[in-house]
1. Within region A:186-209, find all residues whose amide N lies under 14 Å from a label point positioned 7 Å from the Cα of residue A:83 along Cα-to-beta-carbon.
2. With the Cα gyration tensor of the protein assembly as shown giving a ≥ b ≥ c as the square roots of its eigenvalues, does the rule (a/c under 1.5 for rounded; else a/b larger than b/c for prolate; else oblate) give rounded, prolate or oblate?
3. Pop the C-beta distance of residue A:72 and residue B:269 into the FRET formula with R0 = 60 Å and round what comes out to the nearest 0.05.
4. First measure r as the distance between the Cβ atoms of residue B:104 and residue B:142, then evaluate 1/(1 + (r/R0)^6) with R0 = 22 Å and state the FRET efficiency to the nearest 0.05.
5. Based on the Cβ-Cβ distance from residue A:192 to residue A:248, what FRET efficiency comes out when R0 is 25 Å, to the nearest 0.05?
6. At a 10 angstrom cut-off on C-beta neighbours, averaged per residue, how do the peptides A:234-241, B:218-225, A:167-174, B:183-190 rank from highest to lowest?
7. Which distance in Å, rounded to a whole number, links the C-alpha centroids of region A:142-204 and region A:82-110?
8. What is chain B by shape, rounded, prolate or oblate, if you read a ≥ b ≥ c off the alpha carbon gyration tensor as root eigenvalues and call it rounded for a/c under 1.5, prolate for a/b larger than b/c, and oblate otherwise?
C-alpha cells in the first residue's frame, strides 16, 4: 500500500512537513534501540485538518514531543513553512488531553499566558483573551479558576490559550478523550466551527475512529510499534445533516478505517501481552 | 503531613458545570418551606456554638475542680484567679515586656530561617547535583531534635539573645526547607511540558510555573516553622533568660506565684493561636485557586 503524502491539489509548500522522521530511544541496560516511530512522511497543507489515528503504542506522544520541539528526531526532518523545527516555539500550539491549565490562574489569565511569553502589552493581552474567550463560547467565565470549570470548559480554555498566541499549526493530543460522550460531540462541533472561523492548520491525534472521520479532511492511519503511516484516507462527507455519524458514507469510512486499524490493534495487544510475560 | 493543617474546605458558591441537571433544591418551594427556613437558623447557631462547647467545658472544669477540692488550689488555682493574674500582668505592662521579648526573638529567627531555607530548598530541588551532595547531611540534621542542641548553642553563643535566636533559626529551617524541596519537586510535569512548549526560558518557567505551583506547599512549611519557633523558644527561655514568656513561667514557679505561671501559659496559647490565625489568613489569600 502506498504511503505517499503528496496529493495533486496540494502542490504548494506544505505548512508542516514531516520528512522520513524516525525516533529511537536507548533501552536501559541493553545495547538495543527501541524504535518509537519510523520513517513518518506527512505533509499538511495550509489550513488543512489532518487526523492521526492509531492503536496504542503508535508513538503518538513521541511524535507530539518532536513536533513541539521538545525532542529531536533520530533521523529525518520536521519543516514548518519550509524551516526546520529546532526547538519549542510559539509557532506551534499544543492542546493536551489533560488541559494543562495553570490552576492558580483564572481562565482569562491562562489564555494570556502564551501572550505573556510573546511579550505583548497588558492591554492587548486582555483584549485578545476576551476575544478568544468569546470564540470558544466562554464569555463571562473569564474570572473562574480551572477547578471551578467543568472538563469541557477547561478544554475550551486550553484551546483558546493555544489559539490566542496565533500559532501556525495547532497540535491536538487526544484533547477530548477525557470528556464524556455528549461533551465530546459538542466540542467536536465547536472545534470544526473554530477551525472554519480561524483557518488554522490542525494536526489532531486520537484513538477514536468516529472522531477522526468526523473531524478530519484527511485521516492518517498509523501502525503500532514502531509507528508508521499505514495509509492516508481522504474523508469526503457532508457534515451539515443531522446525526452525520449514522449515515451511509460515514459508516463506509468507519468500516474502512476500522479494518485498517484492526490488525494493528491486535498486533499491539499481542506485543503488550508478550512484554507483560517477560 | 500537610493535609492535617489544610484550611477547611470552602464550598464553591456557583455551580461550575453548565451541563449539570437541575438539582432538587431548585424545585418550587413546598408548603413546609417556611418552617424549614426557621430550622435553617439552628445549624448556623450550632456552627458558632459547637467549637466553643469543648473549650467552655474545659474552662468550667478548671474553675470547679480546685474549688470543690478535686485538686490542690495552690497548685492549680481556679481559672478566674489565673485570668485575674493575667490582667494584672497585662495592666502593669510586665506581660507585654515578656511577650515582646519572646516575639522579637521568634520573629527574627523565623525570618532569617525563611530567607535561608526557601532559596536553599529551591536550589536543592532544582539542581540535582546540589541535592545529591546535600541530602545526607540534611537528613542527619533533620533527625537531630533542635532542643538537644540547646546546650551546644549556649556553649558556643553564650546565654544571651544569639543562642536563642540561633536555636529558632535551626528549628524553623527544616520544615520550610523540606516543604520547599517537595513543593518544587512535585510540580505537575505536564504544566512544565506545556510551558516549555511555548519556548519559555528556564528562568521564566521557574518564575511563572514552578514557584506559583510550589507556594501552597512552601506555606505549609512556613506554618509548621512558626509553630516550632514558639515551641523551642519557650523551652530555651526556661533554661536561661531574663525576659520572655518561658522565663515568666519558670520564674513565677520558683517564686511560687502560681497564678502568674498559669497566666504565662495562657499567654503562650493565645500567642500561638494568633500567629496561626494570621498565617492561615495569608495562606488562604495565596491559595485561593486550590480545590
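Laboratory data are not the source of any read-out in this text; all were calculated from the coordinates shown. If you're wondering where the values come from, they're calculated on a predicted model, not measured in any experiment. Cβ coordinates were reconstructed from backbone atoms using ideal geometry, including for glycine residues, and neighbour counts include every protein chain displayed.
1. From region A:186-209, the list is empty.
2. Details: a/c = 3.01, a/b = 2.00, b/c = 1.51.
It comes out prolate by the Cα gyration axes.
3. Numbers: r = 61 Å, r/R0 = 1.02.
Step by step, r from the Cβ atoms, then E = 0.45.
4. On the way: r = 27 Å, r/R0 = 1.21.
Computed FRET efficiency for residue B:104 and residue B:142 comes out at 0.25.
5. Numbers: r = 20 Å, r/R0 = 0.82.
In this case the efficiency is close to 0.75.
6. Details: A:234-241: 11.8, B:218-225: 23.0, A:167-174: 21.1, B:183-190: 16.1.
Per-residue mean Cβ counts within 10 Å order the peptides as B:218-225, A:167-174, B:183-190, A:234-241.
7. Comparing the Cα centres of region A:142-204 and region A:82-110, I get a distance of 12 Å.
8. Values: a/c = 3.07, a/b = 1.11, b/c = 2.78.
Oblate shape, in that a/c is at least 1.5 and b/c is the bigger or equal ratio.
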